[in-house]
Amino acid sequence: MARKSLVGLAAALGALFLLSTVAMAMGPKLMVDVGDVTKGRLQVKISAEGLKAGQEVGIRTMMGGVLSDVSFLAKPAVEKADDKGMVSTTWGIRGRTIKRLLQPGDHEVMLVDADGNTLAKAKMSIPKAKK
């Protein structure tokens with residue numbers, strides 16, 4: 001009898017683990033598409049899906065060694081998800097910012113909620129300016 005209870009408990013725990021794994025995989029997804037540095041500017045398309053409709057969000061990355069909210073630098077500014085739970089914007093980064101704050105190389109971009117909790121992360125690779 002105890003063995004059947006133990007098998008049932010193990011099956012229940014396995015099912016809970018599977019459900020939690022599926023739930024985590026279905027969370028928000030952040031996508032970052034980096035263009036080329038042209039005329040001293042870089043266009044970075046940022047989009048996210050899997051959010052709640054109207055959910056307040058922000059975009060952060062490290063700039064000059066400081067965690068910076070870049071939500072207001074993007075056009076349109078990122079404030080909250082649309083009615084489909086999506087966000088889409090373009091961040092135009094000036095060459096001066098790349099030289100001083102975002103050196104060429106890999107950087108992490110974070111999608112955060114209104115409390116600053118990280119919802120999703122993506123890599124942003126800043127290319128060297130073409131000569």
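The values are calculated or read from the model by the stated rules, or taken from the named source; none is laboratory data. The shown structure was predicted, so the numbers you read here are calculated from the model rather than taken from an experiment. Here the Cβ positions follow ideal geometry from the backbone for every residue, glycine too, while neighbour counts run over all protein chains shown.
Quick notes on this one:
- For segment 81-93, a residue qualifies if it is modelled with pLDDT of 95 or more, part of a strand (DSSP E or B) and either over 21 Å from Gly35 (Cβ atoms) or among the aliphatic types (A, V, I, L, M) (or both), and exactly one does: Val87.
- Exactly one residue out of Gly58, Gly40, Gly64, Gly50 is in contact with a strand residue (DSSP E or B) (Cβ under 7 Å, 6 or more places away or on another chain), touching a residue at least 12 places away in the same chain (Cβ under 8 Å) and surrounded by fewer than 14 Cβ atoms within 10 Å (Cβ to Cβ): that is Gly40.
- Whichever residue in segment 67-80 is part of a strand (DSSP E or B) and either of a type in the set (D, E, K, R) or touching a residue at least 60 places away in the same chain (Cβ under 8 Å) (or both) and, among such residues, is surrounded by the fewest Cβ atoms within 10 Å (Cβ to Cβ): Lys75
- Some residue of segment 97-108 being within 12 Å of the chain's Cα centre (by Cα) and either at pLDDT 95 or above or surrounded by fewer than 13 Cβ atoms within 10 Å (Cβ to Cβ) (or both): yes
- Each residue in segment 97-116 was checked for being outside any strand (DSSP E or B) and more than 11 Å from Arg60 (Cβ to Cβ), and 10 pass.
- Flag not set for Ala23, criterion: modelled with pLDDT of 95 or more, over 13 Å from the mean Cα position of the chain (by Cα) and among the small types (Gly, Ala, Ser).
- Count of segment 25-59 residues, restricted to those that are closer than 22 Å to Ile93 by Cα and in a strand (DSSP E or B), is 20.
- Extreme residue, surrounded by the most Cβ atoms within 10 Å (Cβ to Cβ), among residues of segment 83-96 that are within 21 Å of Glu49 (Cα to Cα) and of a type in the set (A, V, I, L, M): Val87
- Cβ pairs under 6 Å, 6+ apart, first in segment 84-100 and touching a residue at least 12 places away in the same chain (Cβ under 8 Å), second exposed (fewer than 14 other Cβ atoms within 10 Å of the Cβ) and assigned to a strand (DSSP E or B): Thr90/Lys75
- For segment 73-125, a residue qualifies if it is of a type in the set (Val, Ile, Thr) and over 14 Å from Ile46 (Cα atoms), and the qualifying residues are Thr97, Ile98, Thr118.
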